[in-house]
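Just below is one structure, and these are the notes that go with it.
The values are calculated or read from the model by the stated rules, or taken from the named source; none is laboratory data. Predicted, not measured: the structure shown is a model, and the values here were computed from it. With ideal geometry, Cβ positions are generated from the backbone for all residues, glycine too; neighbour counts draw on all protein chains shown.
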Ligand SMILES: Cc1ncc(C[n+]2csc(CCOP(=O)(O)OP(=O)(O)O)c2C)c(N)n1
Ligand code: SF4
Ligand SMILES: [Mg+2]
């Protein structure tokens, strides 16, 4: 459609509007404020709804309400606020409701700092709230991908009737890059017609709830959820860079994946046989691609901006086939491609 | 002999045994809601947001589109519903623990934003569903399972008067406190509820109706004594009446 130069945060906000998002609910927190600020300008004048909620708890519950009406809606926050949204996300998962949650994550635990970190990986991919559920997690590595994955997030949320999280970080949110935007999608008024609440009219009333007390119903629903997550494996996305002839495959996601790509490019020029696998869906996790590479005899190393979270999923994926080394960059500062050279070389020669 | 239909139960009130204890006022409030919606021709356009508590199963009895909300969050959930589905009549059904304790932020801000929703607040002075613990509305001296000596203001604070608090917020267009323990009070309650629906239908703003309700089980009383307690102890602590009606005639 057009080429614009924007921050990652604004790309997500624009992506949401272009993907047909009608309602946004948020609460201020750095480093994601560009998202609500953009949407407070754009949504109300285009017939949508923007609410600055009283808390992240309320914002996430507004999302639950909008999802139940079958409307494309979004909330965004950063780590401490995402913790507060977990209650509603669990209820959404338990009620089979769609909704998009953006986490422009920052350093933790606690108040941490406002710098980048990948410390929320476990919270994002393992459920986060109470109960045996998952959300689909998308991890963009560039501003263009942040825009594109926002479209995907809405489509997936409605296709699977499940919460979808876009997991970025302070680097992605604040980074400016040129992007190509798409033709805005008109709202698909039929995508939720078979289940949304709108007043019963002539049909019998619908009930949307997570409470399942009747004998066997909760067990059955938990089973249905697992089947949904297995079905979602067809949505697995990842990027491979110079892996075919690599001896060592580095696994890294999000903006760290992007930074590591520069490191890999440089090391390649120097003749080191390294490659990169960047998971784009963190749940479902690109285990099959990792297994393929493991069967080819590759070695692995996981790099994260935390002290070791995704590495557990990498090791689980290739268990019995290969091992994975690990390098964790501490939160509190911005990593550069040079930071990863020595750890990768050490792994390669070790 | 010709039969005359003297009374008809609302069509949207399910003809099933309820889970309520004998003498519980939730059932009366449910029925009043069902007939209020049906008489006003609103049932088919209603979306009810059910909270957590003994009223959580309202969808088993009042047959309208219904969504479950987490404990205390119903006004935020209803905000999302109303903003997404502005032509629907949005009804919230909350207990006093749900609304006045864990959900205080959500109710205050939904009210303050003037969300065009109707909140039915059932105040029985205890956490009924969990076995009768102290609620923010428990009266001074009232014994509960967590105030075995009776509520003491020094350590437990005071009963919260939500209708008065709501009335002070500019976003609130209608706020009333009613009771259902006798015919006279029932009639007034019906009228207040009808008015609250009108306020939403006319797009005037936020409507709030507090029902003083008996919980005989957790009050350790029979139904008649519980009804009398509403008169003798609750109404003096929580005065009945239309506390605010910005569009209506002054009361
Ligand atoms: C987050 C959370 N905390 C606690 C509970 C347990 N719980 C269920 S119902 C309830 C209290 C309900 O009391 P009230 O709102 O007064 O309703 P009542 O049953 O008296 O009508 C509580 C605390 C819960 N379901 N969720
Ligand atoms: S415990 Fe109290 S509020 Fe709950 S059903 Fe019984 S009487 Fe009603
Ligand atoms: Mg109660």
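The set of residues in region B:192-215 being more than 14 Å from the chain's Cα centre (by Cα) and either part of a helix (DSSP H, G or I) or within 16 Å of ligand 2 (Cβ to nearest atom) (or both) consists of B:195, B:198, B:199, B:200, B:201. Among the residues of region B:101-124, the one identified as within 16 Å of ligand 2 (Cβ to nearest atom) and either free of Cβ contacts under 8 Å to residues at least 24 places away in the same chain or surrounded by fewer than 24 Cβ atoms within 10 Å (Cβ to Cβ) (or both) is B:101. Would you point out the residue of region B:109-143, among those that are in contact with a helix residue (DSSP H, G or I) (Cβ under 8 Å, 6 or more places away or on another chain) and in a helix (DSSP H, G or I), that is farthest from ligand 3 (Cβ to nearest atom)? Across region B:109-143, the extreme among qualifying residues is B:109. When B:232, B:218 are screened for being in a helix (DSSP H, G or I) and within 16 Å of ligand 2 (Cβ to nearest atom), only B:218 passes.
So, of the residues in region A:180-195 that are more than 25 Å from the chain's Cα centre (by Cα) and within 14 Å of chain B (Cβ to nearest Cβ), which turns out to be surrounded by the most Cβ atoms within 10 Å (Cβ to Cβ)? Filtering region A:180-195 for residues that are more than 25 Å from the chain's Cα centre (by Cα) and within 14 Å of chain B (Cβ to nearest Cβ), the one surrounded by the most Cβ atoms within 10 Å (Cβ to Cβ) comes out as A:195. So which residues in region B:144-190 are surrounded by 14 or more Cβ atoms within 10 Å (Cβ to Cβ) and part of a helix (DSSP H, G or I)? Of everything in region B:144-190, those that are surrounded by 14 or more Cβ atoms within 10 Å (Cβ to Cβ) and part of a helix (DSSP H, G or I) turn out to be B:156, B:162, B:163, B:164, B:165, B:166, B:167, B:185, B:186, B:188, B:189, B:190. May I ask you to verify whether residue B:102 is over 21 Å from residue B:204 (Cβ atoms), more than 7 Å from chain A (Cβ to nearest Cβ), within 16 Å of ligand 3 (Cβ to nearest atom) and at pLDDT 95 or above? Taking the combined requirement at face value, the residue satisfies it.
Residue A:154 meets all of the listed conditions (1) out of contact with any helix residue (DSSP H, G or I) (no Cβ under 7 Å at 6 or more places or on another chain); (2) within 29 Å of residue A:131 (Cβ to Cβ); (3) touching a residue at least 24 places away in the same chain (Cβ under 8 Å); (4) outside any helix (DSSP H, G or I) but one, namely (4). Scanning for something out of contact with any strand residue (DSSP E or B) (no Cβ under 7 Å at 6 or more places or on another chain) and over 24 Å from residue B:231 (Cβ atoms), does region B:189-199 turn up at least one residue? Checking region B:189-199: at least one residue is out of contact with any strand residue (DSSP E or B) (no Cβ under 7 Å at 6 or more places or on another chain) and over 24 Å from residue B:231 (Cβ atoms).
Apart from one condition, residue A:177 fits all of (1) over 19 Å from the mean Cα position of the chain (by Cα); (2) within 14 Å of chain B (Cβ to nearest Cβ); (3) touching a residue at least 24 places away in the same chain (Cβ under 8 Å); (4) surrounded by 15 or more Cβ atoms within 10 Å (Cβ to Cβ); the exception is (2). Given B:11, B:15, which one is in a loop (DSSP other than H, G, I, E, B), on the phi < 0 side of the Ramachandran plot, more than 16 Å from ligand 3 (Cβ to nearest atom) and in contact with a helix residue (DSSP H, G or I) (Cβ under 7 Å, 6 or more places away or on another chain)? Only one candidate qualifies: B:11. Taking region B:125-138 as the range and being within 11 Å of ligand 2 (Cβ to nearest atom) and out of contact with any strand residue (DSSP E or B) (no Cβ under 7 Å at 6 or more places or on another chain) as the test, the residues that pass are B:125, B:129, B:130, B:131.
Output yes when any residue across region A:211-220 is surrounded by 16 or more Cβ atoms within 10 Å (Cβ to Cβ), more than 30 Å from residue A:329 (Cα to Cα) and within 14 Å of chain B (Cβ to nearest Cβ), and no when none is. Taking every residue of region A:211-220 in turn, at least one turns out to be surrounded by 16 or more Cβ atoms within 10 Å (Cβ to Cβ), more than 30 Å from residue A:329 (Cα to Cα) and within 14 Å of chain B (Cβ to nearest Cβ). Could you tell me whether region A:27-35 includes any residue that is more than 14 Å from every other protein chain (Cβ to nearest Cβ) and part of a helix (DSSP H, G or I)? Yes, because at least one residue in region A:27-35 is more than 14 Å from every other protein chain (Cβ to nearest Cβ) and part of a helix (DSSP H, G or I). If I filter region B:43-62 down to residues being buried (at least 21 other Cβ atoms within 10 Å of the Cβ) and away from ligand 3 (no atom under 16 Å from the Cβ), which single residue comes out as farthest from the other protein chains (Cβ to nearest Cβ)? The selected residue is B:61. Residue pairs whose Cβ atoms lie under 6 Å apart, separated by 6 or more positions or on different chains, with the first residue in region B:201-215 and more than 14 Å from residue B:91 (Cα to Cα) and the second part of a loop (DSSP other than H, G, I, E, B) and within 16 Å of ligand 2 (Cβ to nearest atom), are B:213/B:25; B:213/B:124; B:214/B:25; B:215/B:124; B:215/B:128. With the condition kept exactly as written, say whether any residue in region B:139-151 is more than 14 Å from chain A (Cβ to nearest Cβ), over 30 Å from residue B:201 (Cβ atoms), away from ligand 2 (no atom under 16 Å from the Cβ) and out of contact with any strand residue (DSSP E or B) (no Cβ under 9 Å at 6 or more places or on another chain). The answer is yes, given that some residue of region B:139-151 is more than 14 Å from chain A (Cβ to nearest Cβ), over 30 Å from residue B:201 (Cβ atoms), away from ligand 2 (no atom under 16 Å from the Cβ) and out of contact with any strand residue (DSSP E or B) (no Cβ under 9 Å at 6 or more places or on another chain). Just one of (1) over 20 Å from residue B:108 (Cα atoms); (2) more than 14 Å from chain B (Cβ to nearest Cβ); (3) in contact with a strand residue (DSSP E or B) (Cβ under 8 Å, 6 or more places away or on another chain) fails for residue A:39. It is (2). Residues of region A:66-91 that are within 10 Å of another protein chain (Cβ to nearest Cβ) and within 16 Å of ligand 1 (Cβ to nearest atom): A:87, A:88, A:90, A:91. If you go through region B:217-238 and keep only what is farther than 25 Å from residue B:165 by Cα and either within 15 Å of ligand 3 (Cβ to nearest atom) or surrounded by fewer than 19 Cβ atoms within 10 Å (Cβ to Cβ) (or both), you end up with B:217, B:218, B:219, B:220, B:221, B:222, B:223, B:224, B:225, B:226, B:228.
Working carefully through the options B:70, B:136, find the one that is within 14 Å of ligand 1 (Cβ to nearest atom), within 11 Å of chain A (Cβ to nearest Cβ) and on the phi < 0 side of the Ramachandran plot. B:70 is the lone residue from the list that is within 14 Å of ligand 1 (Cβ to nearest atom), within 11 Å of chain A (Cβ to nearest Cβ) and on the phi < 0 side of the Ramachandran plot. Annotation for region B:81-95: no member residue is farther than 27 Å from residue A:213 by Cβ, under 15 Å from the mean Cα position of the chain (by Cα) and more than 14 Å from ligand 1 (Cβ to nearest atom).
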